[in-house]
Each structure stands twice: as structure tokens, then as C-alpha cells.
Amino acid sequence: MRAAVLSRPEELAVAEVDCPRPGAGEVLVEVAACGVCGHDQADYAGLLSLPLPAVLGHEIAGTVVAGGSRFAAGDRVAAKQFGTCGRCEPCGTGDELRCPHRAFLYGGFAEYAVLPESALLPVPPEVSLPEAAVAACAVGTGLQALRRVARVKPGETVLVTGAGGGLGLHAVQVAAALGARVLALTGDPAKTEQLTKAGAAHVVLTGDGVWQDILDATDGRGADVVLDNTGHQPVFRQAFRALAHAGRYVLTGQVSGEPIRVHPAFVFEKEAVITGSGSTLMTTFADALALVAEGRVRPVVTPYPLEDAARAFTDRITGRAVLIPSGGQP
Ligand SMILES: NC(=O)c1ccc[n+]([C@@H]2O[C@H](COP(=O)([O-])OP(=O)(O)OC[C@H]3O[C@@H](n4cnc5c(N)ncnc54)[C@H](O)[C@@H]3O)[C@@H](O)[C@H]2O)c1
Ligand SMILES: [Zn+2]
Ligand SMILES: [Zn+2]
């Protein structure tokens, strides 16, 4: 089969490789679409010490070809970012982020992928496979961060950073669907229209006066919740300053791979909660797919054939790039 193989950091090319074979609890899926995530970009840049060569890609949707006890050949399925054992206490109580056997998915940048059934959900007929591919990670990460971790209430103000990216643009839609008033922070003025269409009441452009712009847009109160998809110091400094008293600051991103710093006095004087949210529970994934099926979240995906995988990493698109291994349009 054909796969986009990362042989060295920033060296990605299509090659013929052996088609993987499913083991117990796994299925072989013909990949229809695979999202190119910020996590893949960190691997692409060599920031996460992934052993190479490797086939990246965990935002996978496609059609089951073989194997499996829960899914049959021909089923349309989408995956969340990791498989689990299904037998431990956390798995049994729907808190499978704590499963000790949790294993992150790879292999989506290929014509076929072996996927654990524990990571899969059936795709509703009204959802296309490229949309389903991004439901768990690009949509679900924001849903889980805002609903489970930040516990956003209708009417609260949510500031989304990295708002034009794959996580950000979908988090803007999710926050709006949860009834929040959404402020979107982006470095690119060209993304303003799409962010407004996604539900942002106010688009704030990156710069020195960001915190003041946010205070101005919130009658001086600041944002009740910041969803920081960048985890990048200059963004953090501005967005944290614009956090409301006793606000919740949720970190989901790490675009530069560098630590962030904060003066403790700023945290305690503000009574701020700084927290994080990683990955997606199956229950969140199901709700994210339902939001897409109901048209309350509309995935913004740009298709690339497998041959153009490297370009999907370097183009600065709004929303999510998805690789289409068959080369066709979704
Ligand atoms: N918490 C999780 O479960 C989870 C899930 C997926 C991705 N991530 C992480 O979240 C981050 C964003 O992922 P994504 O898929 O949205 O990536 P993306 O590339 O689609 O979007 C990143 C956004 O951040 C902006 N950005 C990049 N570098 C920046 C910088 N130095 N300063 C300000 N803005 C910058 C980009 O312009 C873009 O809008 C990545 O670090 C990724 O590893 C976390
Ligand atoms: Zn992802
Ligand atoms: Zn488990």
C-alpha cells in the first residue's frame, strides 16, 4: 500500500510499504481521510522524539475491510486518538483517559490502517468521512476542555487562542454551541471572516495590546475561560492577563514545545485556575460526532492527496488539513 512516511524530521514522502495486519481487538480500515493535527506537526518537526521512520496520523476515518468483533466489513468508522484495554477500572467507568494500556494511534497517512476497535465509533450517515476524521481530536478536544474541564456555562465569555487552527476554529464553534460568548484570538487578519462565521462575537488580533482589547470587549471583566491552543509564552502572557477574576485557564496546546512562565502573584491575586485538557473520552467523541451530525458544528477541512502530505504541513490554512489517500475529493 502507499503511505506518507516520515523518514527524518521534516522529510515526508510517499512510499510503498507493507499493509498492516489486524490482531485481536483490531480491524483493518481503508482510510478515507486523515486529519493533519498539531500533534503530527510536533512529530514532523522532531519535537516528540518519535522513533523514525514512522507513518503519522491519528485523526482517521474510513471503511472497515477485515477483522473485528464489533465492526463488520463495509462499516463506516471514525477513530479517536487512542485505543484502550476495555477491561480496567477506568475503562469500565468511562474514564478511559486513565487506562494504563492507553496507546496513541499512528498510521493514518496511508491507504490502510490497523485500528483498535476500542477507539472506533460508527459514522452517522449524514456525516462525511473527512468530517468524521476530525470529530474526535479537532472537535472533541475543545468540547472536552470546555465542557468537562472548564465547565463553561451559557452566557460566559470564552477566549479561544490559536483560533484559526484545527483545534481553535472548531473550539470557537463548540463554545458557541455551549451558549458561550466567544472571543477569538488569531495572528492572521485574513481569518477574521471565517472566525466570525464560526460564531466568534469578537475577533482579536495578536499584538501587544491583546489583553486590553479583550478587557474592552468584556466591559473590563476579562474572559471567564481561556482555551489556549498555543501554550506559547507571548500568547499566554496576554491571554492570562485578560482572564477574569477566578477565571479558568485551560491549556490544550504546545505549539513551540517551550515552557511557559507565570509569576505566582498573578495567579493567586486573580484566584486563577490554570488547568489542562488532553485527548478525548469516548463519550466526548460520541457527542462531538452528534454535534457534527446535527450541523451545530461544521468541520472546516481542506483536502490534500497523499502525495501532497508535506504541503499539508507547510501551508497555513484555516481549520484542518485532511489527507485523502485515494487522491479523490471527499
Ligand atoms: N490537548 C490535546 O488533546 C491536543 C489535541 C490536539 C492537538 N493538541 C496540541 O494543540 C496545539 C494546536 O493544535 P492544532 O491541531 O490546532 O494545530 P494547528 O496547526 O491546526 O493550529 C495551530 C494554531 O496556532 C497558531 N500558532 C502556531 N504557532 C504559534 C505561535 N508561535 N504563536 C501564536 N500562534 C501560533 C497557528 O497560527 C494556528 O492557528 C498543538 O500544539 C497540538 O500539539 C493538543
Ligand atoms: Zn489530533
Ligand atoms: Zn483500560
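Things to note:
- Test result for Gly164, part of a loop (DSSP other than H, G, I, E, B), within 16 Å of ligand 1 (Cβ to nearest atom), more than 15 Å from Gly62 (Cβ to Cβ) and open to solvent by less than 10 Å² (accessible area, probe 1.4 Å): yes
- Count of segment 244-278 residues, restricted to those that are of a type in the set (Ser, Thr, Tyr), open to solvent by 20 Å² or more (accessible area, probe 1.4 Å) and under 13 Å from Gln144 (Cβ atoms), is 2.
- Of all residues in segment 58-107, those satisfying the criterion of being within 16 Å of ligand 2 (Cβ to nearest atom) and among the aliphatic types (A, V, I, L, M) are Ile60, Ala61, Ala78, Ala79, Leu97, Ala103, Leu105.
- Count - residues of segment 117-128 that are within 19 Å of His58 (Cα to Cα) and away from ligand 2 (no atom under 16 Å from the Cβ): 6
- Checking Ser326 against (1) at pLDDT 95 or above; (2) touching a helix residue (DSSP H, G or I) at 6+ places or on another chain (Cβ under 9 Å); (3) away from ligand 1 (no atom under 16 Å from the Cβ), the condition it does not meet: (1)
Residues are listed down the side, and each one gets a yes or a no for (1) in contact (Cβ under 8 Å) with a residue 12 or more places away in the chain; (2) in contact with a Leu (Cβ under 7 Å, 6 or more places away or on another chain); (3) open to solvent by 10 Å² or more (accessible area, probe 1.4 Å):
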| site | (1), (2), (3) |
| --- | --- |
| Pro100 | yes, no, yes |
| Phe104 | yes, no, yes |
| Glu111 | yes, no, yes |
| Val114 | yes, yes, yes |
| Pro122 | yes, no, yes |
| Leu129 | yes, no, yes |
| Ala135 | yes, yes, no |
| Arg148 | yes, no, yes |
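- Selection from segment 69-96 of residues that are under 21 Å from the mean Cα position of the chain (by Cα), surrounded by 19 or more Cβ atoms within 10 Å (Cβ to Cβ) and not aromatic (Phe, Trp, Tyr): Arg76, Val77, Ala78, Ala79, Lys80, Gln81, Gly83, Thr84, Glu96
- Residue match in segment 78-86 (condition: outside any loop (DSSP other than H, G, I, E, B) and away from ligand 1 (no atom under 15 Å from the Cβ)): yes
- Residues of segment 1-20 that are open to solvent by 60 Å² or more (accessible area, probe 1.4 Å) and in contact with a Gly (Cβ under 9 Å, 6 or more places away or on another chain): Arg8, Pro9, Glu10.
The values are calculated or read from the model by the stated rules, or taken from the named source; none is laboratory data. Since this is a predicted model, take the numbers as computed values, not measurements. As a convention, Cβ positions derive from the backbone with ideal geometry for all residues, glycine included, and neighbour counts pool all protein chains shown. The accessibility values were calculated without ligands, DNA or RNA, using every heavy atom of the protein model including side chains. Shrake-Rupley method; radii C 1.70, N 1.55, O 1.52, S 1.80 Å.
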